């Protein structure tokens, strides 16, 4: 049966940017776009304002031990919950910003060592996603890597980046259950763990 799920064929010619201005700059950049775009019926939309916040492009990697059926996850403080009055220390996979002149795969390897002291060599790209496309410009390259996690775990992070990271090895089954019971609420971690649940046969 043929798929009805097809992506519209669009290009930059379907967007007219009338104005683009920087509203603020800190760790990331907040920009406001004044634009219109082509509608599905071929006409142009009304002119709209859209704000876009971007810290940067990211690499993230799920580290999996297929022999012991375990994964290596991290936990650290995140500011996201402050908007909702929540203290958010989130369970996540390894992730970090891609620096200029560095490839996504090199970044994934670097972050794996910085956050967990785990050397990973064989990385496969799962997919590339936009984490929150309505107003956040972050693009994430998601990788899977295999490693021997027998001796993994501990407290790590770079002092000059104010990192305080707990790395923990858990069974894959427990990690997957955590996706359902609310212990894991980070999107990149949910995506990669659920991907692995459907593709574990590749690592047998």
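The values are calculated or read from the model by the stated rules, or taken from the named source; none is laboratory data. From a predicted model like this one, the values you see are computed outputs, not experimental measurements. Here the Cβ is made from the backbone with ideal geometry for all residues, glycine too, and neighbour counts use every protein chain on show.
In a loop (DSSP other than H, G, I, E, B), free of Cβ contacts under 8 Å to residues at least 60 places away in the same chain and over 30 Å from residue 23 (Cβ atoms) - does that describe any residue in region 165-181? No: region 165-181 contains no residue that is in a loop (DSSP other than H, G, I, E, B), free of Cβ contacts under 8 Å to residues at least 60 places away in the same chain and over 30 Å from residue 23 (Cβ atoms). When 120, 94 are checked against the criterion of being at pLDDT below 95 and surrounded by 13 or more Cβ atoms within 10 Å (Cβ to Cβ), 120 stands alone in meeting it. Put simply, of 59, 45, 8 the only residue that is surrounded by fewer than 11 Cβ atoms within 10 Å (Cβ to Cβ) and at negative phi is 8.
Would you confirm whether any residue within region 196-203 is in contact with a helix residue (DSSP H, G or I) (Cβ under 9 Å, 6 or more places away or on another chain), in a strand (DSSP E or B) and in contact (Cβ under 8 Å) with a residue 40 or more places away in the chain? No, because not a single residue in region 196-203 is in contact with a helix residue (DSSP H, G or I) (Cβ under 9 Å, 6 or more places away or on another chain), in a strand (DSSP E or B) and in contact (Cβ under 8 Å) with a residue 40 or more places away in the chain.
Note on region 146-162: residues that are surrounded by fewer than 16 Cβ atoms within 10 Å (Cβ to Cβ), touching a helix residue (DSSP H, G or I) at 6+ places or on another chain (Cβ under 9 Å) and either not assigned by TED's automatic domain parsing to the domain that holds residue 78 or not in a strand (DSSP E or B) (or both) amount to 2.
Could you check region 49-115 for strands (runs of 3 or more DSSP E) lying wholly inside it with 3 or more residues that are closer than 29 Å to residue 15 by Cα?
57-65
Output yes when any residue across region 20-42 is assigned to a strand (DSSP E or B), exposed (fewer than 10 other Cβ atoms within 10 Å of the Cβ) and more than 25 Å from the chain's Cα centre (by Cα), and no when none is. Looking for residues that are assigned to a strand (DSSP E or B), exposed (fewer than 10 other Cβ atoms within 10 Å of the Cβ) and more than 25 Å from the chain's Cα centre (by Cα), one finds at least one in region 20-42, hence yes.
Only one residue in 99, 115, 121 is out of contact with any strand residue (DSSP E or B) (no Cβ under 6 Å at 6 or more places or on another chain) and closer than 24 Å to residue 203 by Cβ. Which one? When all the criteria are applied, what remains is 121.
Each row is one residue, and each column tells you yes or no for (1) in contact with a helix residue (DSSP H, G or I) (Cβ under 7 Å, 6 or more places away or on another chain); (2) under 30 Å from residue 49 (Cβ atoms); (3) not assigned by TED's automatic domain parsing to the domain that holds residue 68.
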position: 97; (1), (2), (3): no, yes, no
position: 123; (1), (2), (3): yes, no, no
position: 133; (1), (2), (3): no, yes, no
position: 140; (1), (2), (3): yes, yes, no
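Inside region 110-128, residues that are within 14 Å of residue 72 (Cα to Cα) and in contact (Cβ under 8 Å) with a residue 24 or more places away in the chain make up a count of 9. Taken over region 182-195, the criterion of being touching a residue at least 60 places away in the same chain (Cβ under 8 Å) and surrounded by fewer than 16 Cβ atoms within 10 Å (Cβ to Cβ) is satisfied by 183, 185, 195.
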